[in-house]
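For reference, the structure is listed below as structure tokens.
The values are calculated or read from the model by the stated rules, or taken from the named source; none is laboratory data. Keep in mind it's a predicted model, so treat the numbers as computed, not measured. Because the Cβ atoms are built from the backbone with ideal geometry, glycine has one as well, and the counts that use them run over all protein chains shown. Just so you know, the surface numbers come from the protein's heavy atoms only, side chains and all, with ligands and any DNA or RNA stripped out. Shrake-Rupley method; radii C 1.70, N 1.55, O 1.52, S 1.80 Å.
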Amino acid sequence: MIDPDRFLSDLHKLRRFGAAGVGKGVCKGVRRPAYSEPDIAARTWLAGRIEQAGLTPHFDPMGNLFGLAEGPSLLMGSHSDSQPEGGWLDGALGVIAALEVARASRESAGPPISVVSFQDEEGRFGVTTGSAVWSGHLSLDEADALTDHGGNRLQQMRSVLAERSDGFVDPARFTGFVELHIEQGPVLDQAREQIGVVSDIVGIRDMNITFSGQQNHAGTTPMHLRRDAFQGLAAFNAALNDRLRNVVTPRTVWTIGHVALHPNASSIVPGRVTFSMQWRDGDPARLARMETIIRDTIADIAGQYALETGFGPMLGLEPVAMDATLRGALEAAAEDVAPGRWRVMPSGALHDATNVARLLPVAMLFVPSIGGISHDFAEDTDETDLVAGLRVLAGAAERLGGQ
Ligand code: HGY
Ligand code: MN
Ligand code: MN
Ligand code: MN
């Protein structure tokens, strides 16, 4: 039998690693980016809990942490790294719920369940990096060449966990993957529903772009002689919003979320800006069309502002549909736990399930996010909804048995 109190207690314990956000009037936030000291401490604690649950802890060279059941098993989990300014449930919920379901199943001699906490789901170094490497989407060499916005190399950052590694886990030992996550959007909260069973996960493209101009004195350089990288970025953003308008659907999103302006001083015309450009949609053709528009707009603005351009590698993941059998088990369990208060819905957030779908049948379920807030310290979910998500996960595990 699953134990909601034990589950909630573990969830709160995990929150202590990297706990942050007190100054903002809330105290639930976390700063636990991949490979940071709190992330490594959290993974070490988690490995201990996995062992106490009777599973075998196993780090792979990326720092993905598995809790392995013997023989063929259903894999459940998510990630325990966070955004640099993140919420306490994003990823953590799916890992701790999986731990509780696996533990309870062992205690009652139920079907074997294995657990995973993937590394760098939040993309400090890329896009869902840990599961991308495990699934073969990215080679370890390709991953090692990635750097974060601070110039740190993944190769160096993963070394502490890689020392504890027993190699990559053979995916053939798993029969499927089920991930519980918070919705991170407003749909369930506004509808006062408790569970979302995911139909499909959006695709994404992500790259860094640089405009280089001429750094110069902000008092003496006439406006018409400037090659100002910030002016280029501002003009690019406005032009892009305009040009994308006729191409996108209400589900399409694009974001410039990270900007590094050089040298970032009041009295210097900025000579360089590097910024992240990310876009998401459920249709690969639209993602490609958006890329063309982005690159054309960059070229036009560079011409207008006398700037040079540079492009980092483009990272991406294709949209994926969930497996019908696993999804059916979640739907049946959702109807049991929350009759009439669940729906089938797409995911606009990315998840490790996208990568795992290359190896195994996958399915996902959501619980509501209060106010639709996530990737913020204020992210939260009602306790009853957290427990409802746990019950649906356990119900699905029972229905799927050892399959
Ligand atoms: O960005 C995302 O969709 C996810 O939270 N990694
Ligand atoms: Mn997440
Ligand atoms: Mn996230
Ligand atoms: Mn001066």
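Filtered by the rule that a residue be away from ligand 2 (no atom under 13 Å from the Cβ) and either outside any helix (DSSP H, G or I) or touching a His at 6+ places or on another chain (Cβ under 6 Å) (or both), the stretch 78-105 gives PRO84, GLU85.
Of all residue pairs spaced 6 or more apart or on separate chains, those with beta-carbon atoms under 8 Å, a first member in the stretch 214-230 that is within 23 Å of VAL259 (Cα to Cα) and a second member that is open to solvent by 90 Å² or more (accessible area, probe 1.4 Å) and modelled with pLDDT of 95 or more are GLN215/ARG272; ALA218/SER266; ARG226/GLN214; ARG227/GLN214; ALA229/ARG272. In summary, ALA19 fulfils each of the numbered conditions (1) open to solvent by less than 50 Å² (accessible area, probe 1.4 Å); (2) more than 30 Å from LEU400 (Cα to Cα) with the single exception of condition (1).
This table checks each residue for (1) at pLDDT 95 or above; (2) within 15 Å of ligand 2 (Cβ to nearest atom); (3) touching a Pro at 6+ places or on another chain (Cβ under 8 Å).
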site	(1), (2), (3)
ALA338	yes, no, no
TRP342	yes, no, no
SER347	yes, yes, no
ASN355	yes, yes, no
MET364	yes, yes, no
GLY371	yes, no, yes
LEU390	yes, no, yes
ALA397	yes, no, yes
GLY402	no, no, yes
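If you go through the stretch 161-193 and keep only what is open to solvent by 50 Å² or more (accessible area, probe 1.4 Å) and not aliphatic (A, V, I, L, M), you end up with GLU163, ARG164, ASP166, PHE168, ASP170, ARG173, PRO186, ASP189, GLN190, ARG192. Selection within the stretch 155-185: residues that are outside any strand (DSSP E or B) and within 16 Å of ligand 3 (Cβ to nearest atom). The member of this set that is nearest to ASP376 (Cα to Cα) is GLN184. Going residue by residue through the stretch 331-354, is there one that turns out to be within 16 Å of ligand 1 (Cβ to nearest atom), open to solvent by less than 10 Å² (accessible area, probe 1.4 Å), within 21 Å of GLU142 (Cα to Cα) and assigned to a loop (DSSP other than H, G, I, E, B)? Yes, the conditions are met somewhere in the stretch 331-354. Scanning the stretch 72-106 for residues that are touching a residue at least 60 places away in the same chain (Cβ under 8 Å) and over 29 Å from ILE370 (Cα atoms) yields PRO72, SER73, LEU74, SER105. For the stretch 314-330, the set of residues classified as assigned to a helix (DSSP H, G or I), open to solvent by 40 Å² or more (accessible area, probe 1.4 Å) and in contact (Cβ under 8 Å) with a residue 12 or more places away in the chain consists of THR325, ARG327, listed by residue number. Of the residues screened, ALA132 is one that is crowded, with 23+ Cβ neighbours inside 10 Å, of a type in the set (A, V, I, L, M) and either away from ligand 4 (no atom under 16 Å from the Cβ) or in contact (Cβ under 8 Å) with a residue 12 or more places away in the chain (or both). Which condition number does ILE209 fail, the rest of (1) open to solvent by less than 30 Å² (accessible area, probe 1.4 Å); (2) closer than 26 Å to ASP323 by Cβ being met? Failed condition: (2). Applying the set (1) within 16 Å of ligand 2 (Cβ to nearest atom); (2) of a type outside the set (D, E, K, R); (3) part of a helix (DSSP H, G or I) to THR381 leaves exactly one unmet item: (3).
When each of ILE40, ILE50 is tested for being modelled with pLDDT of 95 or more and either under 21 Å from VAL178 (Cβ atoms) or of a type in the set (Ser, Thr, Tyr) (or both), the lone residue that passes is ILE50.
Among residues of the stretch 266-278 that are at positive phi and within 16 Å of ligand 3 (Cβ to nearest atom), none has a beta-carbon under 6 Å from a residue that is at pLDDT 95 or above and open to solvent by less than 20 Å² (accessible area, probe 1.4 Å) at least six positions away or on a different chain. The residues of the stretch 197-237 that are within 16 Å of ligand 3 (Cβ to nearest atom) and of a type outside the set (Asp, Glu), listed by number, are VAL198, ILE201, VAL202, ILE204.
Within the stretch 155-175, does at least one residue satisfy the condition of being in contact with a helix residue (DSSP H, G or I) (Cβ under 6 Å, 6 or more places away or on another chain), free of Cβ contacts under 8 Å to residues at least 60 places away in the same chain and over 30 Å from ARG327 (Cα atoms)? Looking through the stretch 155-175, at least one residue is in contact with a helix residue (DSSP H, G or I) (Cβ under 6 Å, 6 or more places away or on another chain), free of Cβ contacts under 8 Å to residues at least 60 places away in the same chain and over 30 Å from ARG327 (Cα atoms).
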